Amino acid sequence: MVREGKGRSLLQNSDMQNSDMLDSEHSRELFAYYGLAVYYGQALEQQLVNLILLMKMSQGKAVSDEDLEDLYERKMSSSLGQLIHEVRHHFTFSEEETRQLNELWKQRNSIVHHYFKERIHETFSPEGRSRMIKELEDFKDRAQELEISLQQYTGAWIAQLGLNAESAAALRRLEHMHSESLHARSMEEEN
């Protein structure tokens, strides 16, 4: 057996490097699932903003493009909890959807604000990372499912309110303008 120093063989070092690589790959997978969980939490927020905009449009409170854009920007800066409370005042969800919204809201806040601070010790073992990945994947799946339900409500409401394709296109333009605005801000921060 070839010795390298301090009593370790090259084979043992190779095994350690492979183990480190696997751990590193596993860590990247954990961070990827964390990113997906945050993404679907934000998609859920987006659908709640869309519902609020539809409510305001149906009430005649956001008629001009400028009013709609201003309202959109204000609502996009609201927290998930604020959006949920506002939507609940104007829109009736099933008991199950309300329960899901509340659970996802709490879990999303924990993921965004505390997840790695509270769970850092679990990131050091494959078992801990696997548990975390499972949790994040479960959150992502549930948030995605609810977001799709909200999309269906949005589409049904557009049809029910008799909003034309132009109104629906206005919502899509606002989403696009918001993403461009965020991109421009991130570019400014980099410079």
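Bear in mind that the values in this text are calculations on the coordinates, not laboratory data. Fair warning: this is a prediction, and the values are worked out from it, not measured in the lab. Using ideal geometry, Cβ is built from the backbone for each residue, glycine included, and neighbour counts are taken over all protein chains shown.
Overview of values
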| item | result |
| --- | --- |
| Only Lys, Arg (+1) and Asp, Glu (-1) charged, at Cβ; the range 92-152 dipole about Cα centre in debye | 340 debye |
| Those lysines that a straight Cα-Cα span of less than 21 Å connects to LYS56, excepting residues fewer than 8 apart in one chain | LYS75 |
| Descending semi-axes in whole angstrom, ellipsoid equivalent of the range 55-157, from the Cα gyration tensor | 34, 16, 11 |
